[in-house]
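The values are calculated or read from the model by the stated rules, or taken from the named source; none is laboratory data. The structure presented is a predicted model; accordingly, all values stated were derived computationally and were not measured. Glycine also receives a Cβ, built like all others from the backbone with ideal geometry; neighbour counts cover every protein chain displayed.
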Amino acid sequence: MSRFDFTLAIGDDALIAAQRLGEWTSRAPEMEEDIALANIALDQLGAARLLLTYAGELEGAGRDEDDLAFLRDDREFRNCLLVELPNGDFGVTMAKLFFLAAYQVPLYTALAGCADERLAAVGAKARKESAYHLDHAALWVKRLGDGTEESHRRMQDAVDEVWPYVHELFNPDPAAPVDPSTLRADFDATVSAVLDEATLTRPETGWTPGGGRDGLHTEHLSYLLAEMQVLHRAHPGASW
Amino acid sequence: MTSARDAAAAVVDPEIRVITIDELGILRAVDEEPGTGRVVVTITPTYTGCPAMDVIRADIRRALAAAGHPDAEVRTVYHPAWSTDWISDAGRAKLAAAGIAPPAPRGDDTVVPLTLAVRCPRCGSPETTQISRFGSTACKALWRCRSCSEPFDHLKAL
C-alpha cells in the first residue's frame, strides 16, 4: 500500500467504527455505557478526521476530510470488514471493540515511531486514547465472559462470530509505513490474556474473510454510508 | 494594550469554565510578528475528537481582537501529544476548587496509567469509587465519594 492508501485505510477504520458506535447513543444498556460508547466514537472520529485530512493532502487532488467521508461510494472505502459489521447485541459490540482496540494500540504505537511526521503525531496522540478503549472493552469481555452462564454463552458466541474478521487486519504489506503483519504478535498476546481471564475460548482460525482494503465490502457498509452521507449529499456544503 | 500572549492565555476552556487554556496546557505558543503585528497562536487538543476546539479557536480570535490584535491566526498541532502533566499547579487548584478532582501526575510514558486513590474534591477523603470510566466530556470520568456520598468529576490522567 502507498502512504495514501494506508492512511486512507486506517482513517476509514476509525470513521466507520465511529459511525457504528454512534448508533448506540441513547440505546446502550445503561447511562454510563451510553456515555462511554459515545466518547469512544468521538475519539475514533477525531483520529479519522486527522487521517482523512492527511490522506487528502497526500492524494493531492483537492479532496478534504468531508469529500472523503461523504462523497465516496462503498467500493472506494478501504476500511476493514470488522468495523462495518452490524453492532449485534452488546456482546458483539464489545467483541468488535476489543479486537479493534487490540489492533489499534500496537498500530498507533508503531506509527508514533514511523518516519512520517504527520502519521507519527497522530499515532502518539491516538494510542493513548486507544489504550483506554482497550481497557474498557477488555473489562466488559471479562465481566461478561466470567459472569453468568447466559452472559458467558453470549460473549463466547460474539467472539466466535467476529473472530474470522480479525485476520484481514494483519495482511502483510512491507511497503506500508507500518507493515500490519508486524502487529499480530502483540494483538495475539493481548487477546489471549484477556480471553483466558474471561474464561472464554479463542476460536480456531478457519474462514478468513477479507477484501475491505481493496474496496470489497459486506452489504452492511452501503446501508451505513447511506445514513452517514445522506445529509451531505442532499445539501452539499451544509454546515451547522 | 494587553499583550497578545496575555489575551490568549486568559481565554477560558468552554467546557470547564474555571480554568484557562493556558492553565490547561493546551496553549502551546503565541508569536507576534514585530513588523506587522500579526499574531499566530498555536494550540493542541486534549483529545483528538474534542468538540470544544472550534469554540476555543473562535474565543481566542475574539479575545485577541478585543485586545487590539485583529490580525490573528490559530494553528492546531498534535505533536507532542497533550498530557495532563501540562496542567499547571494553579490550574489543578482551580479544578479542585470547582469540585473536579485533578489528575495524578503521570511522569512516565506508560500508555495506561495506574489509577491511584482519587481524593474527593469536596471533603478530601480518599475513600472514593469510580462510577463510570467516561464522563460529561472526553477528558473526565465520574466518581463518587464513599465518605460524603457526593458524586464528582475526575480529570483522567492522560
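Data for the structure
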| item | result |
| --- | --- |
| Qualifying positions in the range A:73-130 - of a type in the set (D, E) and over 29 Å from A:E227 (Cβ atoms) | A:D116, A:E117 |
| The lone exception for B:V118 - which of (1) over 30 Å from B:T2 (Cβ atoms); (2) of a type in the set (V, I, T); (3) outside any loop (DSSP other than H, G, I, E, B) it fails | (3) |
| Options A:A95, A:A101, A:A126; residue that is at the interface with another protein chain (Cβ under 7 Å from one of its Cβ atoms) and not β-branched (V, I, T) | A:A126 |
| Single residue of B:Y47, B:Y78 found to be in contact with a Cys (Cβ under 7 Å, 6 or more places away or on another chain) and either in contact (Cβ under 8 Å) with a residue 24 or more places away in the chain or in a helix (DSSP H, G or I) (or both) | B:Y47 |
| Filtered residues of the range B:51-86 (kept if surrounded by fewer than 18 Cβ atoms within 10 Å (Cβ to Cβ), away from chain A (no Cβ under 14 Å) and among the hydrophobic types (A, V, I, L, M, F, W, C)) | B:A65, B:A66 |
| Selected residue [farther than 26 Å from A:S239 by Cβ, of a type in the set (F, W, Y), surrounded by fewer than 23 Cβ atoms within 10 Å (Cβ to Cβ) and at pLDDT 95 or above] from A:F99, A:F90 | A:F90 |
| Residues located in the range A:129-142, provided they are touching a Phe, Trp or Tyr at 6+ places or on another chain (Cβ under 7 Å) and within 7 Å of chain B (Cβ to nearest Cβ) | A:E129 |
| Checklist (1) of a type in the set (A, V, I, L, M, F, W, C); (2) surrounded by 15 or more Cβ atoms within 10 Å (Cβ to Cβ); (3) modelled with pLDDT under 95 applied to B:L27, failing item | (3) |
| Hits in the range B:120-154 (condition: under 11 Å from B:A101 (Cα atoms) and facing another protein chain (nearest Cβ under 10 Å)) | B:K140, B:A141, B:L142 |
| Only listed residue being within 26 Å of A:A189 (Cβ to Cβ), modelled with pLDDT of 95 or more and not aromatic (F, W, Y), chosen from A:A48, A:A120, A:A124, A:A55 | A:A120 |
| Qualifying residues in the range A:50-82 (those that are within 14 Å of the chain's Cα centre (by Cα) and assigned to a helix (DSSP H, G or I)) - the one farthest from A:G22 (Cα to Cα) | A:L51 |
| Failed item, numbered, when A:E59 is tested on (1) in contact (Cβ under 8 Å) with a residue 12 or more places away in the chain; (2) within 14 Å of chain B (Cβ to nearest Cβ); (3) acidic (D, E); (4) over 15 Å from A:M228 (Cα atoms) | (2) |
| So A:R154, is it surrounded by fewer than 24 Cβ atoms within 10 Å (Cβ to Cβ), more than 30 Å from B:S83 (Cβ to Cβ), of a type in the set (K, R) and more than 10 Å from chain B (Cβ to nearest Cβ) | yes |
| Within the range A:179-213, considering residues that are surrounded by fewer than 14 Cβ atoms within 10 Å (Cβ to Cβ), in contact (Cβ under 8 Å) with a residue 24 or more places away in the chain and in contact with a Lys or Arg (Cβ under 9 Å, 6 or more places away or on another chain), the one farthest from A:H152 (Cα to Cα) | A:E197 |
